[in-house]
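Written out below as structure tokens is the structure these notes cover.
Computed from the coordinates by the stated procedures, all read-outs in this text should not be read as laboratory data. Since the model is a prediction, treat every value here as computed from it, not as a measurement. Positions of Cβ are generated from backbone atoms using ideal geometry, with glycine treated the same way; all protein chains shown enter the neighbour counts.
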Amino acid sequence: MRYFTAIFFLVVVLLVGLAGFRGSISRKPPLEVFPDMDRQIKLRPQARSDFFADHRSSRLPVPHTVARGAPFEDIPWNTGREPGTTNWVAWNPTTITAELLSRGRERYQIHCSPCHSPLADGNGITRKYGMSVVANLHEPRIVQMPDGELFHIMSQGKGLMAGYADQIALGDRWAIVAYLRALQRSRLGILDDVPAAARTSLTQKP
């Protein structure tokens, strides 16, 4: 018992010495066991900095970046909507090229095909694990959606589908929209959609 009392007393003294009396006022800086980065090296606004060639500590934002809390630029590329409206843009704002479609196919296979399947018919691998409610992207209502709405759904999600804005870059989302349109066209297209010079290759038998 004698040793317990002595040890207990030493522990109390140690705690008071380290933590102090809570609520008390003192001009001395506290002893911080875990400062949690409360004290960091920084520069005051407009102060001189020898790190940069122009000696200015205040810097302009990095090009093409948006600061946290800053207004998001209201352009179709970012929102999928007509500027200043709630209307979806009808067409993909990017230039459709073979490279873009190839990139869209790659990103689609990674992020979309597990649920929607490589054919976009909703029969992906997740159906085998009980996820039965997956949209068939060849349904007329989806085919008739504006490109901007498809981009928005991919970004923010809808129903059971989570948004992919934090996983897929802006340009890649538009590339996926372009590739999805190609998949839909391959399913719903007719012979008259094929240029005359290329029709013979479709009808030739091996």
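Remark on residue 81: its backbone amide H falls under 5 Å from those of 89, a criterion applied only to residues 5 or more positions apart or on other chains, H modelled at 1.01 Å from N.
Can you tell me the relative contact order of the chain? Whole percent, Cα pairs under 8 Å, sequence separation 6 or more. Mind showing how you got there, number by number?
Values: 167 pairs, mean separation 33.3, N = 206.
Normalised by residue count, the contact order of the chain is 16 percent.
Were the residues from residue 141 through residue 49 laid out at 0.36 nm apart, the gain over their Cα-Cα distance would be 27.3 nm.
Arrange 110, 176 by Cβ neighbour counts within 10 Å, fewest through most, would you? Numbers along the way, then the final one.
Values: 110 13, 176 25.
Taking fewest neighbouring Cβ atoms as first place, the list is 110, 176.
A compact globular protein would have a Cα radius of gyration near 2.2 N^0.38 Å; the ratio found for the stretch 76-191 is 1.02. Taken about its Cα centre, the chain carries a charge dipole of about 720 debye when Lys and Arg each add +1 at the Cβ and Asp and Glu each add -1 at the Cβ. For the residues 35, 76, 45, a GNM of the chain with alpha-carbon springs under 10 Å puts the largest fluctuation on 35.
Nearest 10 degrees, 0 to 90: what angle lies between the long axis of helix 170-188 and the longest principal axis of the chain (Cα atoms)? The two axes meet at around 30 degrees.
Across the stretch 60-65, rounded Karplus estimates of 3J(HN,Hα) from the backbone phi angles (6.51 cos²θ - 1.76 cosθ + 1.60, θ = phi - 60°) give 6, x, 4, x, 6, 10 Hz, Gly and Pro being marked x. Taking the longest Cα principal axis of the chain as reference, the axis of helix 2-19 is set at about 60 degrees.
Quick check: net charge around residue 57, other residues with Cβ under 11 Å of its Cβ, Lys/Arg +1 and Asp/Glu -1? Display every interim value, and only then the final one.
Numbers: positive: 42, 44, 48, 56, 59; negative: 50, 54.
Every neighbour counted, the sum reads +3.
For the chain, modelled as a GNM whose springs connect Cα atoms under 10 angstrom apart, the maximal fluctuation among 109, 156, 46 occurs at 46.
Once the Cα atoms of helix 147-156 and of the chain are each reduced to a long axis, what angle between those two axes, in degrees from 0 to 90 to the nearest 10, is obtained? Taking the Cα atoms of the chain, the angle to 147-156 is about 30 degrees. A simple rule links phi to the HN-Hα coupling: the Karplus curve 6.51 cos²θ - 1.76 cosθ + 1.60 with θ = phi - 60°, which for the stretch 78-85 gives 8, 10, x, 10, 5, x, x, 10 Hz, with x for Gly and Pro.
Only the Cβ atoms of Lys and Arg (+1) and of Asp and Glu (-1) were treated as charged; on that basis the dipole of the stretch 81-182 about its Cα centre amounts to roughly 220 debye. Note on the chain: GNM, Cα springs under 10 Å; of 41, 190, 153, the largest mean-square fluctuation is that of 41. Extension gain for residue 194 to residue 6 (0.36 nm times residue separation, less C-alpha to C-alpha distance): 58.4 nm.
Here the simple spin-label model places points 7 Å from the Cα toward Cβ, and for residue 73 and residue 87 these points are separated by 2.3 nm.
Can you show me the helix-derived [θ] at 222 nm for the chain, built from DSSP H runs with n ≥ 4 at -39,500 (n - 2.57) apiece and divided by the number of residues, rounded to the nearest 500. Display every interim value, and only then the final one.
Working: 8 runs with 81 residues, N = 206.
Mean residue ellipticity at 222 nm (helix-derived): -11500 deg cm²/dmol.
Please work out which option in (i) 8, 29, 34, 19, 6, 3, 1, 0; (ii) 9, 36, 39, 16, 1; (iii) 7, 20, 19, 13, 12, 11, 10, 4, 2, 1, 0 gives P(r) over Cα pairs in 10 Å bins from 0, in percent calculated from these coordinates, and answer with its label. Matching entry in (i) 8, 29, 34, 19, 6, 3, 1, 0; (ii) 9, 36, 39, 16, 1; (iii) 7, 20, 19, 13, 12, 11, 10, 4, 2, 1, 0: (iii). Less than 5 angstrom separates the built amide H of residue 56 from those of 49, all sequence-distant by 5 or more or on a different chain.
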